[in-house]
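Coordinate-derived values only; no laboratory data. These numbers come from a predicted model, not from an experiment. All Cβ positions, even for glycine, are placed from backbone atoms using ideal geometry, and neighbour counts span all protein chains on display.
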Amino acid sequence: MTGDPSSGGPFSGFDLVAAGPGVSRDDSGEAAARDRVAPGNPSVTALRDQFPGAVFRNEICAGDEDVVYVDPERITEMLGWLHNDPEQHYDHLADITAVDYGGGRPIEVVYQLWSIPHRAALRVKCELSLDALEIESITGIWVGADWLEREVYDLFGITFTGHPDLRRILMPENYAEGYPLRKDFPLRGRFSRAEQTRRALTQDPEDYYVPGEIAERVPQVVEPAAGEEGDAEGVG
Amino acid sequence: MASGTTEYAVRRNPEMGPDGTLVPSPTEPFDAPEPELGSETMLVNVGPQHPATHGVLRLVVELDGETVVSVVPRLGYLHSSFEKLGEYRTWNQIVTLTDRMDYLAPLIYNCAYVMAVEKLMGIEVTDRCRVARVICMELDRIFSHLLWLGTWSIDVGAFTPFLYAFQQREKVYTLHEALTGARITTSATRIGGMMADLPDGWTKGVREFADNLPATLDEIDGLLTCNAIHIGRTQGIGAISAEEAVNHGLTGANLRASGVPYDVRKDRPYYDYESYDFEVPIGCHGDCYDRYLVRMEEMRQSIRILHQALDRLPGGPMDIDDPRISLPTKTDCMSDMESMIHHFKLITDGIPAPAEDCWFSVEGSKGELGMYVVGDGGPKPVRWRIRPPSFVNLSAIPKLSEGHLMADLIMINASLDIVLGEIDR
């Protein structure tokens with residue numbers, strides 16, 4: 001056996017492993033040539049000019065992805081402008097999701113936008129503190145936001161005010177264990193296996209087949225948090 | 001009254017004429033007064049256990065007679081919480097979760113996931129790996145479209161195309177098996193490369209498949225494309241305009257059938273797709289029939305890409321030459337102490353990713369398949385999110401099917417080409 005790994009051998013020690021991965025080959029010029037959307041999306045500057053004070057910061061992630069952190073109070077206004085303004089024209093809402101970093105840090109709501117005519121991507125993020133998980137729904141701008149917002153509500157517990165049909169979508173409607181994708185949610189759920197089984201067996205299957213569920217599609221009343229009314233008027 | 005009934009019965013039932021020919025039933029409508037049927041609607045529960053829902057999808061349908069008044073999809077019967085599971089695994093361990101989501105095109109999901117992670121980590125894979133992944137993705141696009149074609153024709157009432165399509169799918173299964181050892185849950189990719197290099201003769205098998213497929217497609221084309229029943233069941237059914245389709249977030253063939261030429265391979269090219277010669281077919285009516293035509297043409301275009309990729313497949317290593325990412329070979333691990341330690345360290349510690357987030361989307365078989373990965377400097381993701389194309393496509397089904405007949409709802413559902421493993425995740 002050649003033994004001591006620090007003295008050479010096929011790999012020159014484990015400092016590389018400890019250092020973590022970097023760019024495997026130095027071909028940054030080549031990589032930049034392949035990027036279709038040049039770093040520094042002009043929409044970021046335009047958004048700052050249009051909504052002074054509402055853009056908190058912006059950064060470039062993973063080489064070429066523009067991320068904008070905006071004021072959650074004005075999200076519909078800003079996304080509506082990004083959607084309607086002919087210079088921006090972000091007509092394709094690729095995704096809505098949320099990220100919980102754990103440790104009591106705010107949960108980020110992430111909107112992934114794509115402009116089909118301009119071939120540009122923009123990621124808009126809103127930070128919501130854990131005691132005020134509420135943001136305005138953007139279903140009025142993109143109909144496709146409906147289920148995506150329901151999923152975020154289902155798995156993170158973020159309330160989208162003004163959503164026409166905010167119900168759980170992946171988890172059962174009588175799911176009582178909380179919001180599974182939160183970091184404080186244990187992997188196996190909050191209840192024991194026995195309790196989960198008991199709840200599953202005691203629920204009334206008739207509940208799933210009542211004709212009333214069609215009628216229940218009328219907009220669910222979401223009580224706005226105190227002090228929201230004034231802002232709601234300003235949102236176009 | 002009695003004579004009227006008799007007369008009607010005679011008119012309705014075809015009979016042998018005096019000269020031995022069959023007298024066809026007349027086509028004039030029965031002009032009896034419309035019966036009073038009341039105005040209440042009926043609730044029909046479609047699924048979750050029904051072959052026409054293409055998985056464990058449940059549609060609660062409100063019917064007025066045979067007309068669909070409203071549709072409420074109920075999801076979650078297959079919910080496996082893959083995104084939560086991923087937060088407890090190292091980056092490479094997640095690969096096995098990705099192919100369970102879309103078991104109809106597992107290689108596309110394997111590739112899309114590692115491509116997102118590689119972008120996050122700033123890894124450039126080898127040229128051979130780039131082309132091999134293009135071959136894998138195009139092969140599975142055909143693989144997925146063939147299943148859609150088979151089930152679509154079953155739903156329209158034609159059994160033969162189903163058998164033809166599944167005969168061809170079987171060949172792709174064999175290719176999967178040769179490549180990875182598994183037929184459905186391939187888990188073929190690793191960060192920085194593939195699970196293994198392409199086996200001997202595999203490219204020959206892919207070439208043979210690509211050579212033989214057009215004949216089958218032509219046969220199915222002949223059976224379906226100009227078939228009066230097929231046209232009657234699908235033309236003008238479930239139509240959606242281009243603006244609405246974009247606003248609903250539709251992607252893939254469902255969007256292109258409405259006339260929007262949005263294809264991630266063309267609009268945000270990855271893996272040198274801009275250098276392949278292929279067309280993006282679009283429809284102009286946005287109905288079920290156009291979605292059928294678009295997918296049929298997409299298979300032919302994928303065959304073109306397959307041929308080009310096979311032609312340009314370079315030699316050389318499959319995995320990147322970076323000991324922080326790539327495992328040593330099995331032979332080295334078994335004969336060399338350093339390699340064994342290296343292997344052990346990589347497997348137990350995982351590969352750390354920078355504290356950043358990264359969105360990467362590819363053109364999956366169902367639509368735009370996005371992967372959003374968030375790292376925190378450790379070997380496990382903080383968040384791993386899949387942008388599920390079927391999930392968003394399915395959300396348009398109430399809009400597409402309201403006002404159509406119950407039987408049309410089945411065709412609309414088939415035309416969206418959904419897979420429940422990915423919708424429920």
How far, in degrees from 0 to 90, does helix B:406-416 lean away from the longest principal axis of the Cα atoms of chain B, to the nearest 10? 20 degrees
Just from its helices, what would the mean residue ellipticity at 222 nm be for chain B, if runs of 4 or more DSSP H residues each count -39500 (n - 2.57) and the sum is divided by every residue, rounded to the nearest 500 deg cm²/dmol? -15000 deg cm²/dmol
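Starting with the fewest neighbours, write out A:143, B:134 ranked by other beta-carbon atoms found within 10 Å of each beta-carbon.
Going from sparsest to densest Cβ surroundings: A:143, B:134.
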Surface/4 of the Cα convex hull for the range A:24-171, nm²: 10.4 nm²
Can you give the FRET efficiency to the nearest 0.05 for residue B:348 and residue B:170, using r as the Cβ-Cβ distance and R₀ = 30 Å? 0.15
Taking amide hydrogens as modeled 1.01 Å from N in the peptide plane, which residues meet the under 5 Å criterion relative to residue B:67, leaving out close sequence neighbours? none
Count neighbours as other Cβ atoms within 10 Å of each site's Cβ, and list the chymotrypsin sites (Phe, Trp or Tyr not before Pro) in the range B:142-193 that are DSSP loop with at most 14 such neighbours. B:159
Cα-based Rg of the range B:170-229 per 2.2 N^0.38 Å, rounded to two decimals? 1.52
Against the globular-protein guess of 2.2 N^0.38 Å, express the Cα radius of gyration of the range B:37-145 as a ratio, rounded to two decimals. 1.56
At 0.890 mPa s and 25 °C, Stokes diffusion of the range A:99-172 via Kirkwood alpha-carbon radius, µm² per second: 185 µm²/s
Percent relative contact order of the range A:24-171, based on C-alpha pairs within less than 8 angstrom and at least six residues apart? 18 percent
Dividing the convex hull volume of the alpha carbon atoms of the range B:92-192 by its residue count, what do you get in Å³ per residue? 86 Å³
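Are there any trypsin sites (Lys or Arg not before Pro) in the range A:88-188 that are in a DSSP loop and have at most 12 other Cβ atoms within 10 Å? List them by number.
Listed in order of number, the matching sites are A:188.
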Per the Kirkwood treatment, what hydrodynamic radius in Å, one decimal, follows for chain B from the mean inverse distance over all distinct Cα pairs? 23.7 Å
Taking every residue of A:92-103, the Cβ atoms of other protein chains inside 10 Å of its Cβ average out to 6
Which percent, to the nearest 5, of DSSP beta bridges fully inside the range A:24-171 are antiparallel? 75 percent
Ranked list, fewest to most other Cβ atoms within 10 Å of each Cβ, for B:153, B:415: B:153, B:415
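May I ask you to sort B:218, A:146, B:197, B:319 by Cβ crowding, counting other Cβ atoms within 10 Å and putting the fewest first?
B:218, B:197, B:319, A:146
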